[in-house]
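The values are calculated or read from the model by the stated rules, or taken from the named source; none is laboratory data. Values in this document were obtained by computation on a predicted structure and should not be read as measured data. When we count neighbours, we look across all protein chains shown, and the Cβ atoms used for this are built from the backbone with ideal geometry, even at glycine.
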Amino acid sequence: MKETVFLKYHKEFGAKLVPFAGYNMPVEYTGVTNEHLAVRNGVGVFDVSHMGEIWVKGPKAFNFVQKVTTNNVAALAPGLAQYSCFPNGKGGIVDDLIVYHFEDEKYLLVVNASNIEKDWDWLNEQNTDGAELENASDKTAQLAIQGPLAIKVLQKLTDIDLSQIKFYTFVVGKIADVENVIISATGYTGSGGFELYMYNSDAGKIWDAIFEAGKEEDIKPIGLAARDTLRLEMGYCLYGNDIDDTTSPIEAGLGWITKFVDGNNFIDRDILAKQKEEPIVRRLKAFELIDRGIPRKGYEIVDAEGNYLGIVTSGTMSPSLKKGIGMGYIKAGHLKLDTEIFIKIRNKKVKAKIIKLPFYKG
């Protein structure tokens, strides 16, 4: 079992620790709802050091990243980031990721913890032209400081004007007297904030400084369980639940990161372009329960007569909305907004309806 550099702090805060993606990670500290609402209304800190960081450098870097990701890297100026995915050569998804453009011939790919080894092998397999690849995951720590008060807390620790770091942009600078910290705004919670990437050797100093600076704002550590409820309220996909090697970005509603522009000849372009033009077979849709209940991954979605329509991929009781919410792949013909569907919970049909994302409007 791997450990992040912040494990001692999780223990000090009384975290419940669980195995996750090969790491010993905090699932919760004081309770999911409490932590969730702390981020929605104040500020919370997530240890996301288990995520993977892969550098792509050299004269072949741009062409390589353009080939292995579906979004259009040519539109990415230095200082910008974009959400994207790795197509798997069969119309499915190896992983979803964030691409950071640092400078000409230098990109950072941030990938999911559970897929680091898989992604690394896939990228090396595709690297036929000699881009320089470096897996920096084991020496990189990452904290996500999220919530409406995140900027107030972090601004105490830096001379950088954090208000200028807009959504999906980043800078490299000094935080808490530590140089070369990557400060980005690509949050997974929908409540604003920043992600800090640092060397493991600097991580403890930065953690201490953040919690000291956040005392007045009642800053809290947040576990994986609240991270999941926060992302689901925004309708953000989770790899292994809502997307995987058997789902395409088109049917997952990720057509917006699948750019069929001139010069963007990514893996699976022809397969996905054809799929985009063909009739829809199924689509990932969001739903909210009308009747009481909690939808869970793997529950069947049916119509009023009990006919199978699809499967729940993510579901929870929303701490913000106080109702059951979820996403799932649903057959064509049942995809329009407000369509009545039913979730089978312990063999009982629980009424729900299809809605537009996000669940949480802020």
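Tabulated data
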read-out	value
Some residue of segment 87-96 being in contact with a helix residue (DSSP H, G or I) (Cβ under 6 Å, 6 or more places away or on another chain), part of a loop (DSSP other than H, G, I, E, B) and either outside the structural domain of residue 215 (by TED's automatic domain parsing) or at positive phi (or both)	yes
Residue among 53, 3, 35 that is surrounded by 17 or more Cβ atoms within 10 Å (Cβ to Cβ) and closer than 24 Å to residue 199 by Cβ	53
Contacts under 6 angstrom Cβ, first residue in segment 180-204 being touching a residue at least 12 places away in the same chain (Cβ under 8 Å), partner of a type in the set (Lys, Arg), 6 or more apart	188/231; 191/40; 200/139
Filter result for the condition that a residue is crowded, with 19+ Cβ neighbours inside 10 Å and within 15 Å of residue 65 (Cα to Cα), over 257, 267	267
Complete set of residues in segment 250-275 that are under 21 Å from residue 236 (Cα atoms) and basic (Lys, Arg)	259
Top-ranked residue in segment 6-32 [being more than 19 Å from the chain's Cα centre (by Cα) and among the β-branched types (Val, Ile, Thr); ranked as surrounded by the most Cβ atoms within 10 Å (Cβ to Cβ)]	30
